[in-house]
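The structure appears right after this line, and notes come after that.
The values are calculated or read from the model by the stated rules, or taken from the named source; none is laboratory data. Not measured: the values here are computed from a predicted model. So basically every Cβ, Gly included, is an ideal-geometry build from the backbone, and we count neighbours across all protein chains shown.
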Amino acid sequence: MPVYVDISRCIGCRSCEVACKRVHDGKGHVNVHFAGDHASVPIFCHHCEEATCTMACFTGALSKDGERTAFSVDKCTGCGLCRLACPFGVVWTDKLAHKCDLCAGRETPTCILTCPANALSTDFELASKRARARAAMAAAQGGRR
Amino acid sequence: MPKVLVPTVCPYCASGCGFYIAVEKDRATGIEYMPEHPASDGALCSKGNAALEVLYHEDRLRYPLKRKGDGWARISWDEALDLVARGLGGALKEYGPKRVGFLASSKCTNEEDYLIEKMARCLGSPNVDNCARLCHAPSVVGLNRTLGAAGMTNPIPDLANSKCVFIIGSNLAENHPVLSRWIHRAKDAGAVVIVADPRLTHTAWMADIFLQIKPGTDVALLNGMAHVIIKEGLIDNDFISRWTRGYEDLVQAVKDYTPEKVSEITGVSAGDIVRAARAYAISPASAIVYSMGITQHTTGTDNVQAIANLSLISGHIGRPGTGVMPLRGQNNVQGACDVGALAEFYPGYRKADDPETAKFFSKEWGTNLLPVGKGLTATEMIDAAASGQIKAMYIVGEDPANSDSRSNYTREALENLDFLVVQDIFMTATAQLADVVLPASVWAEKEGTFTSTERRVQWSHKAIDPPGEAMSDLQIVCNVARRLGLDFNYSGAAEVLSEINRLVPQYGGITRERLNGSGLIWPCPNVEHPGTPILHSQGFKLKDNRATIVPVQYRPPAEDASWEYPFILTTGRLAVHHNAGSMTRRSPSLIEREPDLFVEINTADAAKLRIADGDEVVITTPRGETTALARLTDRVKRGVAFMPFHFPGTNILTSEARDEEAKIPEFKVSACKISRRD
């Protein structure tokens, strides 16, 4: 159940960054990246199916738990291999590793709830559903204006 | 002790988002979202998420202070109130009430602003105003004249029903982020989004049609669109004949605004002007959203009237999905105006220059001292302080030394006062100039109502106690008023609200008992009334129920680029900061994201000036100079520079030229020069 981004909706307001940091005691796991002057996208753990961080972690602190890439702080040695292994730069180590935990203990990840533009969701299909809806409406109205 | 969730209203912008403050052992420990809130729908922007960070900030004022040499001395409340009574009372007695000024706060509750305004007028001073003067004064003047009511005509969620959203002079994606969720919803249902702005803002990312206009040419653009709509017969004839007057004058007035001519003035292609005009006029329901980019001009009132004209000739008002939507900047700037903290209006927008108004309130307030006539506006008070006409001021929760244009002059003016008392939560630049500083409360430390931009009046509950000896603004104002001999014995916000219910017709039915849920939208004249989310559905509160079309002509801004000052500087806000920044610059998770003042310069301009990204540059206008970091971007066109106004440097530069009617300074256009600091 990773969090998916509808890039056409991201407004670069950085609410997800601040909210993530707020609920994780000052250590945020989201970075909003700006692509020039034209778009922004929050970058955080993809919870990869074949997660390289779990392969690099020799203590098993990082492991796959269903769709989630879980992290158990007790087993972490702070070696930093996961940080090197992550192709997206979304695992950090300051003494110990930290990364998106999909807000363990909460029903819905905080970034999804706080996003003012509804750009984040756990529904993989949502962005394409919306794009199809827009295209259909445009066609029904006689093309894009 | 268990965790308690206290419902509250966000203290930053005027979207009026609700959230819960988690309180444990009398301390605010966290935020929970409020999915049932009608406007925010459970969302919260970065500022909202960081709102609690200012509560326990070490800079909070905890005790009353008085100036002692170059520093400050802690004093008791008793001594502070004595000093204030002596300072203000002395000036009142010696120079007369017309030479004392009061600034109410658009961060305070309706009840507090009502009391500040009542105190000023009961003491005989007409000079009471609030910082709406610096944001939406032209909307108050322009919309009252054309539509008969100043405020957003439709509620925020109604944007989702729109089929065309025209956003002009508003960067709502950064400044009112939750609105973007409703606009995106409209887009998914097929709406066209048009954005007009001198910058390619985050809001412009949503646009189907983006009009990158030259700063200060809004009237030309709007008249050009009206020209196209009239010429192509896209007007709503039934609506015009049934509900408006003055249409023929507009036809004459916009005759010469051909797309080609407007294209020359605005720098937008003629084709885009025609496309935007058609999209706006032919959609079944179109809304216009605007903000400071429209109002902060010498032509602010004209801009607002041109917007109203466009919506009237297309008949896009009074129905779901339509409307004229001025977005307010501060959480209670709408309410501060509603309850009369304006130089030209008593509570409920009763005209201050009407003798009947003074008669009515004399009876209600039991005094015969009430002044008749308009007082000095916030900006005029600063001029009067500089010239020595105003001798003493009481400033509540405002920071004119940072937020007024040409702030060096404002500072000198405030220093020129015989006596200045500032009531705030932090030692702001204005408080630094005061004789006495009174420690006040933030929103979470008091209760009362806030009116959001969609006219929604919401009750905000008290979550925690103020720090140290700080008190709620309501208590402080009552104490000061009593020392000055007024009979201000209010037990709390609820009692003041019941007085507002009696005196402000729009708030007649918005009683404490009815405000437990998500609030009520004024006008709500009686306790059975459900509130009025959509204004003007049954005509306009003007003569014959008709709206007035007031034609306006394009006038260039007061300043233009010249040989000496080749750039046009425009200002605006960022997602992670708010207004003068006294709160957001003290929020660690916000300031770390935008720590420095910067200036956006077009890449090609920067190359000519040999400026690289991140260089320290000096920006100079006739008012002064400031240093900022260069940010090279193609967001602004060549010849235009942009600076956020959350840092003290920016308003040193801005222009003193004002709108004749609304007295708002032209923050958005100042000619400047930029050079690298070597």
Requested in this report: Evaluate the following for B:LEU590: is it outside the structural domain of B:MET225 (by TED's automatic domain parsing), surrounded by fewer than 24 Cβ atoms within 10 Å (Cβ to Cβ) and of a type in the set (A, V, I, L, M, F, W, C)?
Outcome: no
**Report entry** Any chance A:GLY26 is within 14 Å of chain B (Cβ to nearest Cβ), farther than 30 Å from B:HIS184 by Cα and free of Cβ contacts under 8 Å to residues at least 60 places away in the same chain
**Finding:** yes
Query raised in the report: So which residues in the range B:3-37 are over 18 Å from B:PRO466 (Cβ atoms) and not in a strand (DSSP E or B), if there are any at all?
Result: B:LYS3, B:CYS10, B:TYR12, B:CYS13, B:ALA14, B:SER15, B:GLY16, B:CYS17, B:MET34, B:PRO35, B:GLU36, B:HIS37
Query - Residue within the range B:647-659 that is touching a helix residue (DSSP H, G or I) at 6+ places or on another chain (Cβ under 7 Å), within 14 Å of chain A (Cβ to nearest Cβ) and touching a residue at least 60 places away in the same chain (Cβ under 8 Å) present - result: no
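Is it the case that the range B:59-70 has a residue that's of a type in the set (Gly, Ala, Ser) and modelled with pLDDT of 95 or more? Before the answer, list the steps.
Just the residues of the range B:59-70 that are of a type in the set (Gly, Ala, Ser), to begin with: B:69.
When the remaining residues are screened for being modelled with pLDDT of 95 or more, the result is none.
No, the range B:59-70 contains no residue that is of a type in the set (Gly, Ala, Ser) and modelled with pLDDT of 95 or more.
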Requested in this report: Run B:ALA306 past the list (1) under 29 Å from B:ALA220 (Cβ atoms); (2) touching a strand residue (DSSP E or B) at 6+ places or on another chain (Cβ under 9 Å); (3) touching a residue at least 60 places away in the same chain (Cβ under 8 Å) and report the number of the one that doesn't hold.
Outcome: (2)
Query raised in the report: Does B:ARG635 fit the bill of being of a type outside the set (A, V, I, L, M), within 14 Å of chain A (Cβ to nearest Cβ), in contact with an Asp or Glu (Cβ under 7 Å, 6 or more places away or on another chain) and under 30 Å from B:LYS261 (Cβ atoms)?
Result: yes
Query raised in the report: Out of all the residues in the range A:67-86, is one or more in a loop (DSSP other than H, G, I, E, B), away from every other protein chain (no Cβ under 14 Å), loosely packed, with under 13 Cβ neighbours inside 10 Å and in contact (Cβ under 8 Å) with a residue 60 or more places away in the chain?
Result: yes
Report task. Scan the range B:13-26 for residues that are more than 12 Å from chain A (Cβ to nearest Cβ) and either touching a strand residue (DSSP E or B) at 6+ places or on another chain (Cβ under 9 Å) or modelled with pLDDT of 95 or more (or both) and jot them down. Result -> B:ALA14, B:GLY16, B:GLY18, B:TYR20, B:ILE21, B:VAL23, B:GLU24
Report task. Hey, could you check the range B:177-195 for residues that are assigned to a loop (DSSP other than H, G, I, E, B) and either more than 25 Å from the chain's Cα centre (by Cα) or surrounded by fewer than 21 Cβ atoms within 10 Å (Cβ to Cβ) (or both) and say which is farthest from the other protein chains (Cβ to nearest Cβ)? Result -> B:ALA191
Report task. For the range B:246-299, enumerate the residues that are over 23 Å from B:LYS668 (Cα atoms), outside any loop (DSSP other than H, G, I, E, B) and among the small types (Gly, Ala, Ser). Result -> B:ALA253, B:ALA270, B:GLY271, B:ALA276, B:ALA277, B:ALA279, B:ALA281, B:SER286, B:ALA287
Query raised in the report: Which of (1) at pLDDT below 95; (2) over 30 Å from B:LYS351 (Cβ atoms) is the odd one out, the single condition B:ALA434 does not satisfy?
Result: (1)
Query raised in the report: In the range B:571-630, which residue that is of a type in the set (Val, Ile, Thr) and in a loop (DSSP other than H, G, I, E, B) is farthest from the other protein chains (Cβ to nearest Cβ)?
Result: B:ILE611
Report task. Give the residue, chosen from A:ASP74, A:ASP65, A:ASP6, that is over 30 Å from B:ILE601 (Cβ atoms) and in the same structural domain as A:CYS115 (by TED's automatic domain parsing). Result -> A:ASP6
Query raised in the report: Which residues, taken from the range B:450-482, are assigned to a strand (DSSP E or B), polar (S, T, N, Q) and in contact with a Ser or Thr (Cβ under 6 Å, 6 or more places away or on another chain)?
Result: B:SER460
Query - Condition check for B:PRO198: in contact with a strand residue (DSSP E or B) (Cβ under 6 Å, 6 or more places away or on another chain) and surrounded by 23 or more Cβ atoms within 10 Å (Cβ to Cβ) - result: yes
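Taking the stated definitions as given, is A:PHE58 in the same structural domain as A:ASN118 (by TED's automatic domain parsing) and surrounded by fewer than 15 Cβ atoms within 10 Å (Cβ to Cβ)?
Details: in the same structural domain as A:ASN118 (by TED's automatic domain parsing): no; surrounded by fewer than 15 Cβ atoms within 10 Å (Cβ to Cβ): yes.
Against the criterion (in the same structural domain as A:ASN118 (by TED's automatic domain parsing) and surrounded by fewer than 15 Cβ atoms within 10 Å (Cβ to Cβ)), A:PHE58 does not qualify.
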Query raised in the report: Across the range A:117-133, what is the total count of residues that are assigned to a helix (DSSP H, G or I) and touching a Ser or Thr at 6+ places or on another chain (Cβ under 9 Å)?
Result: 3
Report task. Among the residues of the range B:36-80, write down those that are within 14 Å of chain A (Cβ to nearest Cβ) and either free of Cβ contacts under 8 Å to residues at least 24 places away in the same chain or among the aliphatic types (A, V, I, L, M) (or both). Result -> B:ALA39, B:GLY42, B:ALA43, B:LEU44, B:ALA50, B:ALA51, B:LEU52, B:VAL54, B:LEU55
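Applying the selection to the range B:501-555, what residues are over 28 Å from B:HIS316 (Cα atoms), in a loop (DSSP other than H, G, I, E, B) and not small (Gly, Ala, Ser)?
Residues satisfying the conditions are B:VAL504, B:ILE510, B:THR511, B:LEU515, B:ASN516, B:ASN526, B:VAL527, B:GLU528.
For the range A:105-124: of the residues being closer than 13 Å to A:ILE7 by Cα and more than 10 Å from chain B (Cβ to nearest Cβ), which is surrounded by the fewest Cβ atoms within 10 Å (Cβ to Cβ)?
The initial filter retains those residues of the range A:105-124 that are closer than 13 Å to A:ILE7 by Cα, namely A:115, A:117-121, A:124.
From what is left, the residues that are more than 10 Å from chain B (Cβ to nearest Cβ) are A:120-121, A:124.
Values: A:LEU120: 26, A:SER121: 18, A:PHE124: 11.
For the range A:105-124, the residue satisfying everything is A:PHE124.
What residue, of A:VAL41, A:VAL18, is crowded, with 19+ Cβ neighbours inside 10 Å and within 14 Å of another protein chain (Cβ to nearest Cβ)?
A:VAL18
Residue under question is B:ASP404, and the condition is that it be buried (at least 24 other Cβ atoms within 10 Å of the Cβ) and either in contact (Cβ under 8 Å) with a residue 12 or more places away in the chain or acidic (Asp, Glu) (or both); does it hold?
On the way: buried (at least 24 other Cβ atoms within 10 Å of the Cβ): yes; either in contact (Cβ under 8 Å) with a residue 12 or more places away in the chain or acidic (Asp, Glu) (or both): yes.
Considered against the rule, which asks whether it is buried (at least 24 other Cβ atoms within 10 Å of the Cβ) and either in contact (Cβ under 8 Å) with a residue 12 or more places away in the chain or acidic (Asp, Glu) (or both), B:ASP404 comes out as yes.
What are the residues in the range B:310-353 that are in a strand (DSSP E or B) and either in the same structural domain as B:GLU232 (by TED's automatic domain parsing) or more than 18 Å from B:LEU103 (Cα to Cα) (or both), if any?
Narrowing the range B:310-353 to residues in a strand (DSSP E or B): B:323-326, B:342, B:345-346, B:350-351.
Passing the criteria: B:GLY323, B:VAL324, B:MET325, B:PRO326, B:ARG350, B:LYS351.
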**Report entry** the range B:197-222 - residue that is in a strand (DSSP E or B) and within 16 Å of B:TYR280 (Cβ to Cβ) and, of those, farthest from the other protein chains (Cβ to nearest Cβ)
**Finding:** B:LEU211
Query - Some residue of the range B:234-251 being hydrophobic (A, V, I, L, M, F, W, C), at pLDDT 95 or above and farther than 20 Å from B:SER314 by Cα - result: no
Report task. Would you mind telling me which numbered condition in (1) away from every other protein chain (no Cβ under 14 Å); (2) out of contact with any helix residue (DSSP H, G or I) (no Cβ under 8 Å at 6 or more places or on another chain) A:VAL3 fails? Result -> (2)
